[in-house]
Amino acid sequence: MRKYLILLIIVLSLSGCGSNTSIVNSWRDPDVTVAQEQFKKVLVVALVKDEASRRITENRIAASNPVFKTSYQYLNATTQLTQEQKLKILQDENFDGVVTMRLVSKEKETTYVPGTYTGMYYGGFDGMYTGMYGYGFGNWYGMYSPNFYDPGYYQETTSYMVETNIFSLKQNKLIWTGTTESQYVTDLGQTVDAIMQAVVKEMRKDGSLPPK
């Protein structure tokens with residue numbers, strides 16, 4: 001019974017969080033910090049092929065702070081414009097920063113989780129050999145049969161590598177970039193939250209943002 005309770009707790013904990021996300025690597029411009037830029041209007045660009053996933057990602061980030069604006073509101077009807085024309089639109093709309101997020105890779109890994117053997121023995125309740133002769137089969141079977149052997153199994157884990165970039169439009173350059181790895185992804189919105197939390201934590205660590 002105890003092993004099923006543990007399994008239930010694991011399942012609930014995984015469903016409660018969108019993913020297990022961590023920073024793989026990051027870089028910041030040594031001459032400027034995100035805090036120094038004091039962004040007032042930042043465009044959020046999710047570089048994904050699926051339009052629904054793009055909107056979920058951009059909406060999720062935009063909902064976290066009024067400074068963020070979704071790219072599909074401004075650039076959806078301008079896909080045929082040149083890079084210079086798109087930048088002019090952002091300048092005309094008074095954007096001073098851009099955050100981009102793109103899926104770098106998606107990798108699957110299969111691992112074998114070995115089974116467990118409880119070790120059936122002819123012993124008493126104290127673990128010492130006191131003899132089971134004369135001890136009823138029903139009691140013996142009831143004690144051992146539920147936990148005699150838990151077979152092993154193969155587990156497939158998918159890792160999503162996502163690159164997050166922060167650009168300053170005032171300086172026209174990249175000022176921060178980081179790659180995160182997310183596993184056990186069950187919900188895109190929650191995974192985006194986890195990525196942003198990991199990014200903010202890393203930026204506080206490297207000095208791009210002030211500590212709490």
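Inside region 84-111, can you point out the residues that are hydroxyl-bearing (Ser, Thr, Tyr) and surrounded by 12 or more Cβ atoms within 10 Å (Cβ to Cβ)? If the condition is that a residue be hydroxyl-bearing (Ser, Thr, Tyr) and surrounded by 12 or more Cβ atoms within 10 Å (Cβ to Cβ), then THR100 is the only one that fits. Looking across region 189-205, the residues that are loosely packed, with under 15 Cβ neighbours inside 10 Å, out of contact with any helix residue (DSSP H, G or I) (no Cβ under 6 Å at 6 or more places or on another chain) and either touching a residue at least 40 places away in the same chain (Cβ under 8 Å) or not in a helix (DSSP H, G or I) (or both) come down to GLN197, LYS201. Taken together, VAL67, VAL104 contain a single residue that is over 19 Å from the mean Cα position of the chain (by Cα) and either under 19 Å from LYS170 (Cβ atoms) or of a type outside the set (Asp, Glu) (or both), which is VAL67. Please verify whether VAL98 is of a type in the set (A, V, I, L, M), in contact with a Ser or Thr (Cβ under 7 Å, 6 or more places away or on another chain) and part of a strand (DSSP E or B), treating the condition exactly as stated. No; evaluated as a whole, the condition is false for this residue.
All conditions but one from (1) out of contact with any Pro (no Cβ under 8 Å at 6 or more places or on another chain); (2) touching a residue at least 12 places away in the same chain (Cβ under 8 Å) apply to GLY115; the one that does not is (1).
Given VAL42, VAL48, VAL34, which one is modelled with pLDDT under 90 and crowded, with 16+ Cβ neighbours inside 10 Å? None of the others qualify; the one that does is VAL48. Being assigned to a strand (DSSP E or B), among the polar types (S, T, N, Q) and crowded, with 19+ Cβ neighbours inside 10 Å is not true of SER208. Across region 159-183, the qualifying residues are those that are assigned to a loop (DSSP other than H, G, I, E, B) and touching a residue at least 24 places away in the same chain (Cβ under 8 Å), and the one among them that is surrounded by the most Cβ atoms within 10 Å (Cβ to Cβ) is LEU169. Flag: THR186 does not match the condition of being exposed (fewer than 14 other Cβ atoms within 10 Å of the Cβ), out of contact with any helix residue (DSSP H, G or I) (no Cβ under 7 Å at 6 or more places or on another chain) and closer than 15 Å to ASN20 by Cβ.
For every residue, the table says whether it meets (1) under 29 Å from ALA198 (Cα atoms); (2) at pLDDT 65 or above; (3) assigned by TED's automatic domain parsing to the domain that holds ASN65; (4) not hydroxyl-bearing (Ser, Thr, Tyr).
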| residue | (1), (2), (3), (4) |
| --- | --- |
| THR100 | yes, yes, yes, no |
| GLY124 | no, no, no, yes |
| GLY136 | no, no, no, yes |
| VAL162 | yes, yes, yes, yes |
| LYS170 | yes, yes, yes, yes |
| LYS173 | yes, yes, yes, yes |
| TRP176 | yes, yes, yes, yes |
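The set of residues from region 25-55 being in a helix (DSSP H, G or I) and over 23 Å from the mean Cα position of the chain (by Cα) comprises ALA35, GLN36, GLU37.
Just one of (1) surrounded by 11 or more Cβ atoms within 10 Å (Cβ to Cβ); (2) at pLDDT 60 or above fails for GLU156. It is (1). On the stretch given as region 28-68, residues that are of a type in the set (D, E, K, R), over 20 Å from LEU209 (Cβ atoms) and in contact with a Lys or Arg (Cβ under 7 Å, 6 or more places away or on another chain) total 0.
The values are calculated or read from the model by the stated rules, or taken from the named source; none is laboratory data. Note that the structure is a prediction, hence the values are computed from the model and not measured. Glycine also receives a Cβ, built like all others from the backbone with ideal geometry; neighbour counts cover every protein chain displayed.
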